[in-house]
Structures are given as C-alpha cells and as structure tokens.
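Step one of this worksheet: look at the structure below.
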C-alpha cells in the first residue's frame, strides 16, 4: 500500500490515475444520486493520501461483453474521450478506459489517456460545470473539488485561493474542516510552515471532525518540526498517539483502522526522524521521561529501529532494539526487540555484535532466565524457536572456539567448552521431548570431555546414550562414556570403586543396546578381563561367553575372552568347561612359551576333573587323559601317580601297575618315581605277583638310604621269592640280608632260620654251618634276645645236638664193658650238656624237649647196659650173676629216666603242656603201666533225641 | 469308670504301705526274676520223629554210618532242635576222623541243649586229647553235676586228676564214684588204682 508522504517527508505524491478514478467515481455517484444526495467526498473511505484515493465504495457491475476484443472497445472509448465535448461523457469514457485497463492489464499508450491530460481535462470539465451554474446550490463542494484538483496539478496558490474562498463564503459548509485542513496542507506544501502551523492549530481549535483534529495534530507536529522545535514537535506527536488509547503498551497498531494505522505510522516516523536528528535512542528515552509517558515505548523503539534500518543504519537500529530489550526486559515483547537487534547486526554484518546479541538473547530470555520463568506456555512457545536457533548456533560457535583454543589458551579453552556445554544443555531444557536433544547432550558431553571435566562428561554421555529417544549419536555417546573413564585415568586421576563399577555398567549397557556393534566384543572382552583381575569370576565368565558368541573366532579379542573364560572357570572349579576352553586356546597361533603355559593349564584342568571325580576308575582314567592330552606337561608324572592311586583303591592292580611302570619308565628321576616303587610293590602284592614284588623290593632296598627300610625290603623280597618257590633267589636274598644288615637282629634271626631250614632239606653240611651261625649270632647278640630269637636258637641248638645224641645212642656197649661204658658215658655227658644248654634259653617247649631227650638217654643207657655184650668166657651161673649185676647197674639209670620224664609231667598242673610232655606220658606209660597206662573212656551214642 | 478304679488301687496300695511300714522291719526285697526275652516253646517229640530217631540210632549202633548220618540229617531238617541228632552226627564224624566237623556238631548240640551230657563229654574228650585239661575238667564236672551217675565222666575225671592235674584226692573220689556205679570188668583195676593213690 502506498502511503501518503509529504514533500521532504511531506511530499505529496499524487497518483494521477487515482485522481481520475476519483473524479470518475464522483461523476457516476453524482448521476446516480443527484436528486436526493449531495455531492459528498467520503473521507472515511478515502485513502491515506489524496493520491491514493480510489473508488472503493462504488461497485461496477459486470456487463456482458460484446463479441469484440477489449482492445477494440478501449480504442473506441479513447476516441470518445478525445472527441466528446460533453464533460459528463468525457468523464464517463475516461472511467471506462481506466476500468478496462486495470481489469485486463492493458497499458498501451494508444489505449490509455495520459494522466496530466486527464487532470487538465477534468479541471476544464469541472470549470465548465461550475460556469454553467448547474450546481450553484453546491458551490462549496465544487470549490473544494476544484481546489483539490488544482492542488493535484501542483498549483498550490490557486488551490489555497479556492479554499480561502470556500472558507470565507461557506463557513457553515460541512466541508469547512476539510477545507481548513487542505489549506494547511497546501501552505505546508509550499513551505509556509508557520502559516500551516497556525492553520492546523485553528483547525484543532474549531474542528468538529475528530479525524481532522488528529490529522491536524500530526501535521502540527510536522510544522513545528520543520521549524526545528523538536521537543514541541515530540509533544504534538505524542498527542496524536494519545488519540489512540488502544496503542498503549502495544507492539503493533494493526488493530486500528487502516487510515489510523497510516497516521500512527507517520507519527512514529516523525518521531524517529526527530530522535535520529538528536541522540537517537537516548533522545527517545529522554522524550519519554520528559513527557512522563512510556505507554508507547515499544512502538517508539520499533519505529526508530525501522527508521534506522531503512537507512541501513544497522548498528544504530540494533542499539535501539537492544535498549528496549534491556530497559523493558520484564515485558514479553522485549524478546522480540532483542531479536530485532540481532537481525540488525546481522544485516549490517557486525559479526561480533551479532554473536554477542545472540548470546545476550539466550541469556536474557532463555530457559534459565528470570524472564522465562514469568512466561506462560503460549509465550514460551513463541520464543522457543528463536532460543533453539540461537542456542544451537552459540553452542556450535563455542564448540568451535573451544577446539581452536585446544592446546593454546587454556583459560579460553575451558571457558569456551563450558559455554558450549551450557548452551547445548539449555537446548535440551528448551525442548525436552525433542529427538535431537540426545545429540545436544552428546555435544555438551564432548565439550566437557574436551576441557577435562570427565565425570560430568560421562554423566552427559550416559544421558545422551540411554536417556530417552535414540539418535544418530547414541552409539557414539555410549562408547564415549566408556572411553572417558580411561581418559580420566590418563589424566592422572584414580577411579573410585563406584566409578569403576559405573564404567562396567556402561560397558554392559553398551553391549545390551548395541549387541551387533563392532566395538561390543572388544568392550566385553575388556570387561571380562577386568572382572577376572578382580576375581569376580562369575561375572567374568558371563561376559567372556558373550564375547565368544559374537567375536570372530580367530580374533585377538576372541582369544583374550577365551582365556578369561578358561581361567575363570578353572577358578570356579568348572574344570570340564575350562578344559574345552584351554584346548581351543591352544589351537590359536601362539608363541612357544604361551602355548606351553596354556598346555599346563589344560593339563591341570583335566587333572582337577580327575580329583573331583568320585568314581575311582573314572577318576583314574581322567588322570590318564592328562597324559594322553598333554604328554609334555609337567603334571604328567603326578597324574600317572594319582591315576595309579585310584586304580589301587579300586583294586585294579594291572592298571595301577601299568600307570606306575609308565611313570618310572618315563620319569625315572622324578621324585614320585621312587614313591611309585612302594605302590608298585603293593600292586604286585595284591595281584599276587610275588616275583615282581620281590624284584621291586630289592630295587627299593638298593635305592633307599634308610637302612631299616632297605633291610625290610630285602627280607620281604626274600620271602616273596620263597613264596613263589624261587628257593635259590630266596636263599640268595636271605644270605645277602645277613651280610648287609647284621644289626637287624630280629630279621637276621629269621633269615638265619630260613636259610637253616632250607639247608636242612637239601644240604646237611651247610645246614650245620648255618645252624651254628644262627646260634652263634643269637648268642653274640644276647642283649637283643627275645622269645623268638631264643626259641629259634633253642630249636636250632636242639637240632645241632641231635648228632651227639645219635652217637650216644648208637654206641653199643661191648666188652670190655668198662671201656665201652666209659665211652658211652662220655658221649652221654656231652649230649646231656648240650641239652642242658638248651634249657638256658628258657623256652618252655625246648626245655621239655631237652628234658625228654635227657630222660631218653638215661633210659637208653639203662637199656644199653642190659643189652650189652656178655663176656663169652662166663659160665651160665656167672652169666646169671653178671645179668644181675647189669640190672643193678642199669636200674639207677632207669630210675633217673623216670624222674626226668616226670619233670615234664609235673609241669601239667602248672598249665603247661606240649608234645614233649605228651611223649613223656607215653614213655612213662610204657615204663610204668600200672602208674601211667590209662585210657580215656569214650562217650556213647546220644540216646535222647534232645 | 477308669478314674474310680485308679482311686481304689491307690487306696489299697496306701494301706499296704502303711501296714508294711508300721508292723515289719525293712527287708531287702528279693530281686525280681528277669522276664524271658522271648517266648520259648519246649520241643515236642512226635511219635513219628521218635520212631525215626530210634531207627537212625539203631543204624548207627549197627555201624551203618552213612545211612545213620543221612537219617539224622533228615531228622534235623524236620526238627532242627534235635541235639541228640547232632551228637550222633559228631560221633559219625569222629569215626571218619573229621574232628573239626565232629566238634561243630557237638557244639551245635550244646547250643540246642546246654545240658546235653553226651555233647559235653565228647567235647571234654576232645579237649583232653588236645591237652586243654582245665577246660575238660570244667565240662566233665558239669556232666557229673547234670548226671551224677555218669560213669564215663567220673572215670575220666579220675584219670585227669591222677595223671595230669595231679590232685590225687579228687582222683580217688571220682574213681570211687565210678567203682560204685559200674559193673564193668575194669572195676577191680580201678579199685587197685585207688589203692595206689592211697
């Protein structure tokens, strides 16, 4: 919409076309309402300026168009206009031409009428009408219209003259206010500002039409302004504004009628011009203070702002806007003015000021401002887009600045990073439900991490990753949260326990949320390793298993987690699974040392399974699996040894022997090898492989430094040989024993006895020799004598004495009796002495035996005397006497024999009884049947059934 | 009803106690006989069993050891408590020189009937032959306790005391008992032994 502007601000731009239309409208209206209506220039429907006036209240009905071209019709109207002598026809033709031109957009010079020509023609037409006297009763109107047309054509003096005439002739005309105003306007237009001022003041004093009153005030202001009386002009302008109470504290005046809007706009422009000529925004404030009126503060600032802006005075415009935003920051519209300031700086390319004003905007009107807290939701909604826009710009700006200062100015780096984070976080508060908040939080976290605020950054990363709606940076945020813990540590800080746990939680959340992500295996692997280091084996296994399920089998991550899984399960005692993991790990590409170590763990896993297995045979087989699976393991000897122990416990002798033999064959120098000998001996014993047991015993005897042990081994070996009927080996072992272990008294006695017994059967001479050795040995070690040694020695001595007894008994008494008897007595004494020596061993059985033998020898001597050779020279009588003498000689010996036998039988009441006593009873029964020949009476049948 | 009876018992007992306390000096009460741990039923020899037993015994006396053995074993299947059958089976085992088996049967018989003198005598003889004179003495004394007129037991006790335990008075006593009981032809011999002991 074109506005009416006077020259030098009051330039009267007269639209010639509009004027023609006005005239045309007036004419038509005149024809239509000539009889009952006066010619009225409707100011209410008039445009703001005279030049803008158009026929807004006339409706031209569409007429059916003839079947000819528009151009043709217009050409005919032009011809009519040019040729008609009737003013009415000319005006009508002009009217139609202009209408068709407007409707069909035809501006050809041939089809239109020049505007100046139009005005001249119209004036002439009006003059002709006036001269004709047809309208004499409405001369005031005609004067007014001609004055107006004259003014339009630029002849202000003539126009003034006509208006003076109208005012003078028709003081009561309804056009008087209008005319006075037009007069003032005409005076103003020709620079007669004082006269114009006077005319406007007169109008203000007398005008009955409010519109003219207000417009007169406006023009009064201008007139005064033109006379450089600025303060006065300001007051007049305020008076204009005061005419519109609805404008108080408004941001806009669009609620006014269109004409009033123009007037207000022009008033504001008048004020802006004044302020700009003075001190700009300061003058505005001063004016308000002087007039004690801030009702139009916004409109005034806005007007001045727009004034500057229109003149490309961007900085001054921005200052005005900023001044309002600052001075009236409790008003809602303050934000809008702040926005204007930003825009002005931007247009003026004041970059720094632009950023500063944006920052001020976010600070003063943002979500953390006092201003924001006072707004209702609708108002907040109005501001939010601007805050979002500038907040984001500022956050990014400071982020970039922070990056630029990295490694340079630390203070700036810190400051920019913090500012960036703050702005990003403000954005999130601005629209919590927005999907891009996650990204803002992420960027805030990035900024804080960059400036070393790691823990705060972590919190924000967590919030960004898991706080709500997923976004493009969710993954980055989640990952960064984890890495920032590491960065925290690299910065020389120490993670507390709860922070470590939080880091682990972050890894788990990451893995849960991004199970397919390429980083997930590595993170879980790290976590698994950490948990393992912390001895949290259950959790370590859980995470390691997750890695194994998703990582590439040949990758380093997979291998690392595989080890964690294996080690953890080993620690948990889940050895079977540990074994599987170790077996798989061994198959990876490894160094020799690493492989060796893993194999040991593999071996130990199997070994522990064997330990856990309660089934003896199954346990033993598992131990052997250690040997089969990891033959080079250091634990193999132990496994073989333990396998054999299980086999032994299960009485699986042959398997035990196999295991132990393997152990000794493969690891002869191993400490268990020696111990294995005992178990082998036991296994051989239990399987009744006495020879092998004996061989091992001899082996053991040679290996051990323990002489007692060696002695027992050799002796037992000898016994086993003997048990296996390997008499010679047994004999050799016994003999060896007597030589090697002379101090082993008890075993030596037994060895001597075994040797003696052997030779008793096969070699009498050697028997005697070894029997004597036995007796001598026992005698030499009499201090060690015990019942067993004494019994062995006594029995051996008894046997050794038998030849003496035999020699005594076999020596027959021949003539000369005296000589032979002496020899026999000598043998008797020797034999009896031997028997009496046996008694010294104090072994009851052998005492009985010796007693029996002594008695027997006495009895034999008695019998030998009776059976002795008779001298051949004796007569029968002499022979009888000789026999009697022999009986006398023999009798004492027989009595002696009886007494000695009864020595044995006398032991029975004392509770003693043995074979020699029993034999003694038999001999006594034979020697004295009356006294000793008794038979037990046997029992009878059982006659009774019960 | 139950309460009335209980009260009556209490009254009676109270009276008895009062009388006992007031009129008699205190006495040590006689120990109660222990109750049998389980009911025992004395074996009953049915005519059929008795007949079979006698038949087997006759076979034994006639020297039909194998048949007698089978018959006694059959009897034991029918009536395991026949101690006499065990004794006779022991005798058959002795004749076969299976001393261990014989001893087992004698011990089984003694288990079934601790007063079985035949079993006691046979076991005592085994002990005498083994030189376990004191054990034999106890069994023989038990025999003469159970059967004071048991000739073989007195005779064997006489020999045991004379030759082995050398308690000549006891030997004389048992020889005399034997002499008094027996009409065997060795009676005169034993009488001479008694004189020797004097």
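Quick look at the numbers
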read-out: Test set (1) within 24 Å of residue A:238 (Cα to Cα); (2) in a helix (DSSP H, G or I) - residue A:352 fails condition number; value: (1)
read-out: Of all residues making up region A:506-535, the number that are surrounded by fewer than 16 Cβ atoms within 10 Å (Cβ to Cβ), at negative phi and in contact with a helix residue (DSSP H, G or I) (Cβ under 9 Å, 6 or more places away or on another chain); value: 5
read-out: Matching residues in region A:891-946 - criterion: being under 30 Å from residue B:78 (Cα atoms) and crowded, with 18+ Cβ neighbours inside 10 Å; value: A:939, A:942, A:945, A:946
read-out: Members of region B:169-180 found to be crowded, with 19+ Cβ neighbours inside 10 Å and more than 10 Å from chain A (Cβ to nearest Cβ), listed by number; value: B:171, B:172, B:174, B:175, B:177, B:179
read-out: Failed criterion for residue B:110 (all others in (1) within 9 Å of chain A (Cβ to nearest Cβ); (2) touching a helix residue (DSSP H, G or I) at 6+ places or on another chain (Cβ under 8 Å) hold); value: (1)
read-out: Filter result for residue B:84 (at the interface with another protein chain (Cβ under 10 Å from one of its Cβ atoms), modelled with pLDDT under 95, in a helix (DSSP H, G or I) and out of contact with any strand residue (DSSP E or B) (no Cβ under 9 Å at 6 or more places or on another chain)); value: yes
read-out: Residue in region A:887-902 that is without any contact (Cβ under 8 Å) to a residue 40 or more places away in the chain and either closer than 30 Å to residue B:72 by Cα or within 12 Å of chain B (Cβ to nearest Cβ) (or both) present; value: yes
read-out: Single residue of A:646, A:621, A:609 found to be over 41 Å from the mean Cα position of the chain (by Cα), outside any loop (DSSP other than H, G, I, E, B) and buried (at least 20 other Cβ atoms within 10 Å of the Cβ); value: A:646
read-out: One residue from A:920, A:940 being closer than 24 Å to residue B:137 by Cβ, within 12 Å of another protein chain (Cβ to nearest Cβ) and touching a residue at least 12 places away in the same chain (Cβ under 8 Å); value: A:920
read-out: Conditions (1) outside any helix (DSSP H, G or I); (2) facing chain A (nearest Cβ under 9 Å): number failed by residue B:183; value: (2)
read-out: Of all residues making up region B:93-105, the number that are buried (at least 19 other Cβ atoms within 10 Å of the Cβ) and either in contact with a strand residue (DSSP E or B) (Cβ under 6 Å, 6 or more places away or on another chain) or more than 9 Å from every other protein chain (Cβ to nearest Cβ) (or both); value: 3
read-out: Number of the exception - residue A:657 against (1) assigned to a helix (DSSP H, G or I); (2) surrounded by 21 or more Cβ atoms within 10 Å (Cβ to Cβ); (3) within 45 Å of the chain's Cα centre (by Cα); value: (3)
read-out: Test: residue B:166 is over 25 Å from residue B:58 (Cβ atoms), more than 8 Å from chain A (Cβ to nearest Cβ), free of Cβ contacts under 8 Å to residues at least 60 places away in the same chain and surrounded by fewer than 17 Cβ atoms within 10 Å (Cβ to Cβ); value: no
read-out: Test: residue in region A:353-366 that is free of Cβ contacts under 8 Å to residues at least 12 places away in the same chain, under 30 Å from residue A:397 (Cα atoms) and surrounded by fewer than 18 Cβ atoms within 10 Å (Cβ to Cβ); value: yes
read-out: Any chance residue A:758 is in a helix (DSSP H, G or I), at pLDDT 95 or above and either surrounded by 21 or more Cβ atoms within 10 Å (Cβ to Cβ) or touching a helix residue (DSSP H, G or I) at 6+ places or on another chain (Cβ under 9 Å) (or both); value: no
read-out: Selection from region A:81-91 of residues that are modelled with pLDDT of 70 or more and more than 20 Å from residue A:152 (Cβ to Cβ); value: A:82, A:83, A:84, A:85, A:86, A:89
read-out: Residue within region A:790-811 that is more than 29 Å from residue A:861 (Cα to Cα) and part of a helix (DSSP H, G or I) present; value: yes
read-out: Criterion (loosely packed, with under 14 Cβ neighbours inside 10 Å, more than 9 Å from chain A (Cβ to nearest Cβ) and free of Cβ contacts under 8 Å to residues at least 12 places away in the same chain) met by exactly one of B:62, B:54, B:74; value: B:62
read-out: Helices (runs of 4 or more DSSP H) within region A:93-182 that include 3 or more residues modelled with pLDDT under 75; value: A:115-132, A:139-152
read-out: Test: residue in region B:113-134 that is within 12 Å of the chain's Cα centre (by Cα), closer than 19 Å to residue B:57 by Cα and either in a loop (DSSP other than H, G, I, E, B) or away from every other protein chain (no Cβ under 11 Å) (or both); value: yes
read-out: Matching residues, region B:137-158, being within 16 Å of residue A:934 (Cα to Cα) and surrounded by fewer than 22 Cβ atoms within 10 Å (Cβ to Cβ); value: B:151
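Results for (1) closer than 24 Å to residue A:375 by Cβ; (2) within 17 Å of the chain's Cα centre (by Cα), shown as yes or no for each residue.
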site: A:432; (1), (2): yes, no
site: A:448; (1), (2): no, no
site: A:453; (1), (2): no, no
site: A:482; (1), (2): no, yes
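The values are calculated or read from the model by the stated rules, or taken from the named source; none is laboratory data. Because the structure is a prediction, the values reported are computed rather than measured. Here Cβ is always computed from backbone atoms with ideal geometry, including for glycine, and neighbour counts include all displayed protein chains.
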